[in-house]
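Step one of this worksheet: look at the structure below.
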Amino acid sequence: MAPRKNQSANKQQEILEKYLRESGEDFTTNIRDNVNWATGDEVASLKKPTTMDYFREIRNKTTSPISEEIIVVEEHQNALNLIFRNALNIRDMGNPLYGEENKSNRKNLSLNIEKADPKKNKVCVIYGGDLLGTEWELKRLNNAKIITQDIHGDLITLKEVASEVLGDDAVEGVTNPNIIRKALFFALGEKVKVLRRDIKYVLSHDVDVYLINGAQEEKINKYFKINVLKTVIQEINHPRLHLIEGVNTVVNVAKVTKGNNRRYATIGFLTNNSISKARQGQQSVAGVKLNSGENNADVVFVTNTNVAGKKGTNQYYVSGESTYITMAQKKMPLLSPKHYNTFSLRIPKSHEITVIEGHNMPTPVQLEKDIYDEFVKQQLIKQQIMQNLQLQLDGITKPAHTADPVKTVQYFKSRYKSTTATAVAETPVETVVNQTQVDVANIQQDVEPKNITTVPTDDGMGEM
Amino acid sequence: MAKDKYTPSKNNPNFLENTSRQEQALNFTMQIARDKSYHGEAVVIKPILQPIFSNIALVVGADVHSGAVGSNAVREEKTIKFIRNTCNSIYVPAGDMFNSIIKEGEDRHEDKFGNLRAIEREAYLLASIANKVPVIIDGNHDGANGKRWMPINMSPSKHLADKLGIEHVEFGVLLQIQMPASDYRREQRILNVYVSHCSGKTSGSAKSVDITFNKAMAELKARGIIPDVIFGGHFHSNANGVFVTDVMQYNKSGKCIGVKRKDTIVVSESTLQETSRYAQSGGFPPSDSNVYINNLKIVKNPYYNSTTKDTQFEWIVEMTRFPMFRQGSDEYTDEAKEYMKMFAEPTHLEEQISKQYSSQSIEQSIEGLTQVVSDFKSARFLFETEPQQVVTETVEDVASSVSTTETSFDSSGNDGM
């Protein structure tokens, strides 16, 4: 038996020979194109795809790569401030969601909104996918708990809730797909409630909110055949609440300038990342390579990758909100808020975006400036005094008294109150200079300098 | 010098050897081998006291390649101007400020002018901001330990640092910046920033961040320090990342009692070296040539509370990073201009002070002080012969003793003058 090196080529040859044998046609002269080589079936009408077919396919895609939403930054608004709120994993209890339970997650958000300053800037909170978690799937519901205050007030399992709401069939009819679907939908509904509450809280701050589907939402949509985020928008029905369709989209941003002119730029969002399970270091390298060609907007924000930072030219990997403590080995390790989810964008020219990573521009504290100004002032005054002092000292060639120790001691005794030379010798020059500085500061109020009072007065040897 | 000691040689007893000389040489060699002052320190710790500002603008100037083809000199000068005009800025040249000396065409950037001129130029530029440059760090192109300068064991960076009176560091420096936290109490806290030039090869800008982090942690973990921010250069990339590290918590007796999570910001800094033939042939990543301003601030961790206090730090660093120059242009960005305005040096004070205090008014006010200082200077001269002795005699004792006894200069009666 011949070695099977190229199995597909052999198979193809075999099918072709069989077909031609059975159809009675000549192998060498007549090879038909409209044959499915895998099955040997003849395809009734076969047309080779052309470029136009490709164009039609792209055009007929359900989600366009360019979003219909346009973010407009008005003339009076300085910058476009983006606050990302992704990877919320609402109500996933398998890993304690410390961020949500203790409200520190919400506290961080309100701090960020405050720093973004909605009065002076256009602030957009982007819910960038992976919001509803994974614990709505049946396989994860065994140990899931739902906190519901209106049923007994205690923590209970989903099965118990399902039995109360849906009847005893729910517990026994685990194999019934409709029952399962209802139970899962119930679990999902609890999560959506929390999301709705969160969005309403954000909307109360005079900011725009954009929802984008992530991998988790796509899975939900596929299973339940709904658009879960769209239902949320319809239920809330707020003018500042928008949906950006798709998981790899480009959004136009317009900055209005004088004379109602507009400068345009594009922002890309990538929310569904298939490499989310890789380790952090490798993921960033792979992610940049993968995402470099997919989205060519002026600035691209990639969410739900568990990597935070700027990794490629104009590619910003945004950190999520979940505060997991422990994760399974090699699966999204150390998922935690890394405080890399706020950006300030300015458009000085069309398709040129300046990105400030972090919050809005820092503001100086006036007290610090005043302290620094005073420090500089004192340094300058001291410098001037020292310069002047040096000039004067250089002018003094010989002291009033000679090098005779007796005469020196007598001289000091007459000038100063201390009777011992020790007290005089130990007084450092700098102390005197510092004391004088205080008096010089007082000169600010008077035009003419005051007499220096800290230096002891003359006892009669001569005027100072 | 030890006494010469001659002993018969091992091979031929008629040949005498000076063994004392050999012993001396051996002792000398042993001493030199044990002496660690020659060893370059991998991490130099440098405390910086900054008690006023709760915001610090840290600008890391990596890979300037002064004098090389493609090095953007205009941007460099404007960077120096920015540092000079902002009161809370710190500038750290992080290696490769100069070019190497191997012949052209051999693993180095092309020169527009040589290192001699480049050093003069940099000395002139940095002289105006020398008070804001804590260290100058060696790179692989301009460090004595890199292959390019090792044959002659010299470093243009060291030469520049000596000229300006700035500390020179061969590998990496840990800046321990003591500054007030940005809350109403303004308690002084320490911010650990590690800056080094870094080394190695990378296939892309994302990996450069990983290499920078790994190399820094390898050095610092051995010293038990986990920095808040890490800066590196060398790769000519412009990328950054946040790495979560676990910091062990120990009690007083040394037992490990827990782990706290720290977010370390790692930055692989951009370069002022734009595209050149060398960069192209070397396969450097596409250069995003720019200088970035990193505003650092110590803030309260919003995730710190009674339930998370065992796993989260109370104080964390907040970094706001933005470019100094616009894309494809040497103009400042609006953000850089805004920052310069907000944190401007009070240059108006010099004129104000000189107007307010005329030379005459200062002269009059310190006239008495001048006399006092002059007196002290002359008095010090008298006591200089015995500075440690405390004079306890009274004036009367001295006067009476001098008038009756002979002088101490010469017992023969000569006064020694």
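Laboratory data are not the source of any read-out in this text; all were calculated from the coordinates shown. None of these values were measured; they are calculated from a predicted model. Here the Cβ is made from the backbone with ideal geometry for all residues, glycine too, and neighbour counts use every protein chain on show.
Assorted remarks:
- Proxy reagent accessibility, fewest Cβ within 10 Å first, across A:126, B:152, B:80: B:152, B:80, A:126
- Every Cα-Cα pair in region B:176-238 was counted, and those over 14 Å apart are 61% of them.
- Cross-link pairs exceeding 18 Å between alpha carbons, from the set B:81/B:341; A:107/A:311; A:115/B:78: A:107/A:311; A:115/B:78.
- Between residue B:128 and residue A:206, the distance separating the two model label sites (each 7 Å from Cα on the Cα→Cβ line) works out to 4.2 nm.
- Region B:231-330: mean projected area of Cα convex hull, nm²: 9.1
- As a rough footprinting exposure proxy, the listed residues B:315, A:136, B:149 were ranked by other beta carbons within 10 Å of their own, and the order from fewest upward is B:315, B:149, A:136.
- When only alpha carbons of region A:199-241 are considered, Rg and Dmax amount to 11.6, 35 Å.
- Loop-located chymotrypsin sites (Phe, Trp or Tyr not before Pro) across region B:1-92 with a Cβ neighbour count of 16 or fewer within 10 Å are B:15, with loop assigned by DSSP.
- Full extension of the segment from residue A:72 to residue A:224, taken as 0.36 nm per residue of separation minus the current Cα-Cα distance, would add 51.3 nm.
- The chymotrypsin sites (Phe, Trp or Tyr not before Pro) of region A:214-264 include none that DSSP puts in a loop with a beta carbon having at most 16 other beta carbons within 10 Å.
- Of the trypsin sites (Lys or Arg not before Pro) in region B:289-352, the ones in a loop by DSSP (not H, G, I, E or B) with at most 13 other beta carbons within 10 Å are B:309.
- Between the amide H of residue B:44 and those of B:172, B:173, B:174, distances stay under 5 Å, these residues lying 5 or more places away or on another chain, with hydrogens modeled in the peptide plane.
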